[in-house]
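Here's the structure, in structure tokens; my notes come after.
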Amino acid sequence: MRSLPKLINRLLGLAMHDYQMLDDGDRILLGVSGGIDSLVLAWLLHHWRDKAPIHYEVVALHLDMGFTADQHQAVEAELAKIGIPFRTEHTNYGIAANQAHPEKACYQCAKARRNHLFETARTDYYTAVALGHHKDDLIETFFLNMLYSGNLSTMMPRQNLFSERLKIVRPLAYLTKEQVHEVAKIANITPVKNPCPMASHSKREEVRGLLSTICQRDPKFRGNIFAAMGNVRTEYLLRQTSRHSP
């Protein structure tokens, strides 16, 4: 495995340790979209096995959303270059979501992909589903849930499901987007462009722009927001007394 910068290596190790993400004998199903985050995670998980004190298996699964006839080939080429075992399954989730629910296509498409991953993990006896969400994704999700759903929550670095028969792990949880790009350069990874027509028009993109504006005022804001998600003072939050906001 090519040498990683000390800070990035330490943050990856901290996330894995803090949330005890991997166990000896794990069979990991890695969801790969073709974006830089999931490809970087594929590279990391594949090469970590050489130095990890535990044994695990990892297989990448790319779900073709049906937008183009050849997008999956570019993803497969990157996975082959990394050297990780992979499979591609063709779906129409993206097209169907945009046609049936254009106002909430991203939610419907994400739900379909997530259910597909869970069902594959169940039927093929995987113990973990690995996803490439990073620190900025967790912050954005926190703001998405607060602004659009009225709750304080985010994606967990590790989450147990189905009576702990399956776990979701996000090993990049402590890395910023910039650090993920730094790893991509080291690994010579070329991301595949997202063919979804809604890719630049989602609520997540709106929140990303909002956070960019806020954090331009002080570079410490982003780190403070991330720290706040693990420093919740519940005694100073409102008690739910009504089903309706004032």
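The values are calculated or read from the model by the stated rules, or taken from the named source; none is laboratory data. Every value quoted in this text rests on a predicted model; they were computed, and no experiment measured them. Here the Cβ positions follow ideal geometry from the backbone for every residue, glycine too, while neighbour counts run over all protein chains shown.
Observations, loosely collected:
- The one condition in (1) in contact with a helix residue (DSSP H, G or I) (Cβ under 8 Å, 6 or more places away or on another chain); (2) of a type in the set (A, V, I, L, M); (3) free of Cβ contacts under 8 Å to residues at least 24 places away in the same chain that LEU152 fails to fulfil: (3)
- Residue check, ILE225 of a type outside the set (D, E, K, R), closer than 19 Å to ASP18 by Cβ and not in a loop (DSSP other than H, G, I, E, B): yes
- All conditions but one from (1) of a type outside the set (Lys, Arg); (2) out of contact with any Lys or Arg (no Cβ under 7 Å at 6 or more places or on another chain); (3) surrounded by 19 or more Cβ atoms within 10 Å (Cβ to Cβ) apply to GLU140; the one that does not is (2).
- The stretch 133-150: number of residues that are at pLDDT 95 or above and hydroxyl-bearing (Ser, Thr, Tyr): 1
- Any hit, the stretch 92-99, residues being within 17 Å of the chain's Cα centre (by Cα) and within 22 Å of GLU119 (Cβ to Cβ): no
- Yes/no for LEU175 being modelled with pLDDT of 95 or more, buried (at least 18 other Cβ atoms within 10 Å of the Cβ) and more than 19 Å from LEU11 (Cα to Cα): no
- Only one of the numbered conditions (1) buried (at least 21 other Cβ atoms within 10 Å of the Cβ); (2) outside any helix (DSSP H, G or I) is not met by ALA97, and that is (2).
- Test: residue in the stretch 26-45 that is farther than 25 Å from THR176 by Cα, in a loop (DSSP other than H, G, I, E, B) and touching a residue at least 12 places away in the same chain (Cβ under 8 Å): yes
- Near pairs, Cβ below 6 angstrom, 6+ apart or cross-chain, from the stretch 1-16 (touching a residue at least 40 places away in the same chain (Cβ under 8 Å) and within 19 Å of ILE189 (Cβ to Cβ)) to any residue that is β-branched (Val, Ile, Thr) and part of a helix (DSSP H, G or I): ARG2/ILE186
- Checked against (1) modelled with pLDDT of 95 or more; (2) surrounded by 15 or more Cβ atoms within 10 Å (Cβ to Cβ); (3) within 21 Å of GLN108 (Cβ to Cβ), SER153 passes all but condition (2).
- Scanning the stretch 93-121 for residues that are out of contact with any strand residue (DSSP E or B) (no Cβ under 8 Å at 6 or more places or on another chain) and over 18 Å from PRO195 (Cβ atoms) turns up ALA100, HIS101, GLU103, LYS104, TYR107, LYS111, ARG114, ASN115, GLU119.
- Filter pass, ALA52 being surrounded by fewer than 14 Cβ atoms within 10 Å (Cβ to Cβ), hydrophobic (A, V, I, L, M, F, W, C) and assigned to a helix (DSSP H, G or I): no
- When MET65 is tested against (1) crowded, with 22+ Cβ neighbours inside 10 Å; (2) modelled with pLDDT of 95 or more, only condition (2) is not met.
- Evaluated against (1) in contact with a helix residue (DSSP H, G or I) (Cβ under 6 Å, 6 or more places away or on another chain); (2) under 12 Å from ASP37 (Cβ atoms), ALA130 falls short on exactly one condition, (1).
- Hits in the stretch 108-121 - residues which are in contact with a helix residue (DSSP H, G or I) (Cβ under 8 Å, 6 or more places away or on another chain) and either modelled with pLDDT under 90 or surrounded by fewer than 15 Cβ atoms within 10 Å (Cβ to Cβ) (or both): GLN108, CYS109, ALA112
- Scope the stretch 55-74; condition part of a helix (DSSP H, G or I) and touching a helix residue (DSSP H, G or I) at 6+ places or on another chain (Cβ under 9 Å); matching residues: none
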